[in-house]
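The values are calculated or read from the model by the stated rules, or taken from the named source; none is laboratory data. Quick caveat, the model's predicted, so the values are computed rather than measured. For neighbour counting, all protein chains shown are included, and Cβ atoms are generated from backbone atoms with ideal geometry for every residue, glycine included. Side chains included, ligands, DNA and RNA excluded: accessible areas come from the protein's heavy atoms. Shrake-Rupley method; radii C 1.70, N 1.55, O 1.52, S 1.80 Å.
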Amino acid sequence: MILQALVRHYEDLVARDAIAGPGWSKTKISYALEIDDEGQLLQAVSVMAQQQRGKKTMLLPQEMELPAPVPGRTGKSIKPNFLWDNASYILGIDEKGNPERAKDCFSASQKHHIELLSGVNCAPAQAIVAFFRNWDPKRAADHPALREHLDEILSGANLVFRYRGAFAQQDPAVREAWQRHYDDDSEGTLSVCLVTGQAAVPQEVHPSIKGVQGAQPSGAALVSFNGEAFESFGKEQSLNAPVGKYAAFAYTAVLNHLIADRRHNSLVGDTLVLCWAEGGDPAAQDLFSAYALGNDSDYAEEDIRNAVSALLAGETVDFDEGRIAPDTDFYLLGIAPNAARLSVRFFYRNTIGEFLKNVQAHYDRLRIVGGQTSYLSPWWLLQETVGGKARDKHNKSAANTKPQQETVSEKARDKSGMKNTAAALLRSILTNTPYPSTLLSGVELRIRAEREIKWRKAAILKAYYTKNRHPQVPKEVCTVSLNEQCTNTAYVLGRLFAVLERIQSEANPGVNATIKDKYFNSASATPARVFPMLIDLAQKHLRKLAGGQRICFDKRISGLCSLLQESFPDRMTLPQQGSFQLGYYHQKEKLFEKKEEK
């Protein structure tokens with residue numbers, strides 16, 4: 001199901017000219033080797049270009065459409081690419097101190113190119129054949145054309161051939177020769193491809209998938225078998241699950257394309273979330289990734305919200321030079337690194353209208369007074385479950401009011417909680433199912449450690465108990481703002497604690513540590529032991545206040561105590577502590593609001 005959806009998306013992108021065709025892929029190239037009719041190397045020309053990376057402008061390799069890299073190449077194996085490769089294969093030299101291996105690499109590349117291009121009747125092909133026949137690897141390091149860039153070339157840079165100012169891969173005859181070679185299925189036994197259902201020669205080693213954070217830099221596999229325990233009937237490698245060469249190339253090519261498209265994917269914990277729409281139209285990707293994943297967008301938040309509202313109402317909308325219908329099939333794939341492989345955390349298919357409906361329900365549950373943005377992305381939710389301080393940075397311009405993600409020191413945060421919760425949290429949001437308990441436990445641990453509850457944590461508590469109903473956290477507690485009619489004991493105690501804290505702050509302006517810093521956790525867990533002392537302390541603080549202010553706060557204390565209707569409880573459960581924390585947050589925001597009005 002996953003591979004079939006990926007192959008269909010690949011075909012949609014090929015039809016739109018948005019991805020290279022079968023047998024071709026985007027490759028990063030640093031230098032071009034200019035050769036003449038006799039195959040003599042004239043010069044090595046840098047093709048790197050200035051590119052923006054964050055706030056810096058860097059000189060980086062240029063992406064070119066070239067013959068697809070040979071699958072399954074490792075550090076030990078010798079498998080040459082066509083028309084491009086590193087210095088070991090193209091020039092027969094390296095800086096690893098292994099001249100014999102470099103010589104073998106060049107010989108393999110020499111044989112490969114001569115076999116494919118000897119019969120091609122065009123000048124670039126014959127120039128490349130002449131190059132491989134005449135080139136002497138022993139003299140490569142001293143060649144005058146390489147001297148200027150030799151260190152960069154030997155550092156692993158990819159090289160291509162250029163003839164009379166044009167790249168060899170652009171010549172129609174050369175391209176046809178490669179395509180004919182790539183499509184040749186004469187070698188191997190035909191089998192039914194599990195993806196397309198057609199007879200094809202199975203791909204023994206699937207192409208690598210690159211760019212997943214935490215996976216092998218050289219690439220990881222989604223489908224692979226590398227041990228006898230995973231094999232059946234003596235079938236080795238990927239022959240256990242026969243996938244034709246075309247399907248293997250298509251699904252890996254489109255995965256690499258989606259992973260490289262940082263605008264439309266998001267890393268949540270260790271899970272990389274990829275999304276795409278049926279038909280390959282990027283407009284749906286743009287809207288969903290901006291609204292649900294919190295990615296940057298060229299559109300104002302109001303425009304995004306209006307588009308989402310129209311889709312939720314069943315209307316077709318124009319967005320980002322495309323049209324989005326609410327019944328458009330939409331796909332979400334979550335993958336995570338697992339040694340040399342990739343594990344699938346989730347895969348969902350639904351209409352974009354239904355996905356956005358579930359995301360909207362999630363945002364509605366998160367809505368709370370004091371919130372500084374209309375919606376919180378999953379990335380921001382998970383930041384509230386790990387240690388350290390994340391400063392809230394907001395772009396308050398009219399075009400974008402979403403908080404900006406900042407780089408946080410690894411030492412300041414324990415990432416294990418994010419990894420364990422990410423996939424489960426995304427699943428609950430996308431399918432509108434109960435939130436994972438690890439989300440609540442992570443937030444509660446941070447509240448206890450920091451003895452503070454800010455709007456993000458309060459929003460998570462409200463959303464969690466709104467969706468995951470608990471009898472000790474009634475719906476009267478899970479309101480957007482202060483509910484003065486709520487008589488829930490834990491909620492009222494939270495409100496009372498906020499009032500007592502404000503009294504102390506008003507009586508002692510600039511105090512370094514308030515009762516929150518010393519008694520917040522114990523007050524929410526064992527109220528009977530703490531509140532009598534805090535109320536007695538508050539009476540002493542009240543004597544320092546002016547008459548009108550003292551009377552106002554005294555009435556607040558009396559009114560909240562009258563709502564308790566019983567003595568302070570000895571202990572409160574975790575859900576009751578959640579009610580306490582929401583009551584504290586709501587009351588604190590109310591007190592702050594009144595001070596601002598005054």
- Note on the structure: With label points set 7 Å from each Cα along the Cα-to-Cβ direction at Asp517 and Val45, the distance between them in nm comes to 6.7
- Task: Within segment 284-331, list the GluC sites (Glu not before Pro) lying in a DSSP loop whose Cβ has at most 16 other Cβ atoms in a 10 Å radius.
- Result: Glu315, Glu321
- Query: How high is the FRET efficiency from Phe347 to Ser441, r the C-beta distance, R0 35 Å, rounded to 0.05?
  - Reply: 0.85
- Calculated over segment 85-205: convex hull of Cα atoms, volume per residue (Å³): 148
- segment 417-561 pair-distance distribution - Cα-Cα, 5 Å bins, rounded %: 2, 8, 16, 19, 18, 14, 10, 6, 4, 2, 1, 0
- All Cα pairs of segment 510-598, percent lying beyond 18 Å: 54
- Please report the orientation-averaged projected area of the chain, defined via the convex hull of its C-alpha atoms, in nm². 34.2
- Burial order of peptide ranges 241-251, 565-575, 348-358 (average beta-carbon count within 10 Å, highest first): 241-251, 348-358, 565-575
- Task: Can you tell me the 0 to 90 degree angle between the C-alpha axis of helix 172-183 and the longest principal axis of the chain, rounded to 10?
- Result: 70
- Query: Ignoring ligands, DNA and RNA, what percent of the accessible area of the chain is carbon or sulfur (1.4 Å)?
  - Reply: 48
- Query: Rounded to the nearest 5, what % of the DSSP beta bridges within the chain are antiparallel ones?
  - Reply: 90
- What FRET efficiency, computed as 1/(1 + (r/R0)^6) with R0 = 56 Å and r the Cβ-Cβ distance, is obtained for Gln549 and Arg323, rounded to the nearest 0.05? 0.40
- Task: Grab the Cα-Cα distance for Asp570 and Arg16, subtract it from 0.36 nm times how many residues apart they are, and report the gain in nm with one decimal.
- Result: 192.7 nm
- Query: Computed from the mean reciprocal separation of all distinct C-alpha pairs, what Kirkwood hydrodynamic radius does segment 429-491 have, in Å?
  - Reply: 12.7
- Message: Can you compute the modelled spin-label distance between Ser218 and Glu476, with each label point 7 Å from Cα toward Cβ, in nm?
- Response: 6.6
- Accessible area per residue, Å², the chain with all protein chains present, probe 1.4 Å: 48
- Task: Evaluate the distance, in nm, between pseudo-label points positioned 7 Å from the Cα of Ala173 and of Ala123 along their respective Cα→Cβ axes.
- Result: 1.1
- Determine, from the Cβ-Cβ distance of Arg469 and Ala528 and an R0 of 25 Å, the FRET efficiency 1/(1 + (r/R0)^6), rounded to the nearest 0.05. 0.35
- Task: Quick one: net charge around Ala125, please, counting Lys, Arg +1 and Asp, Glu -1 for every other residue with C-beta under 15 Å from its C-beta.
- Result: -1
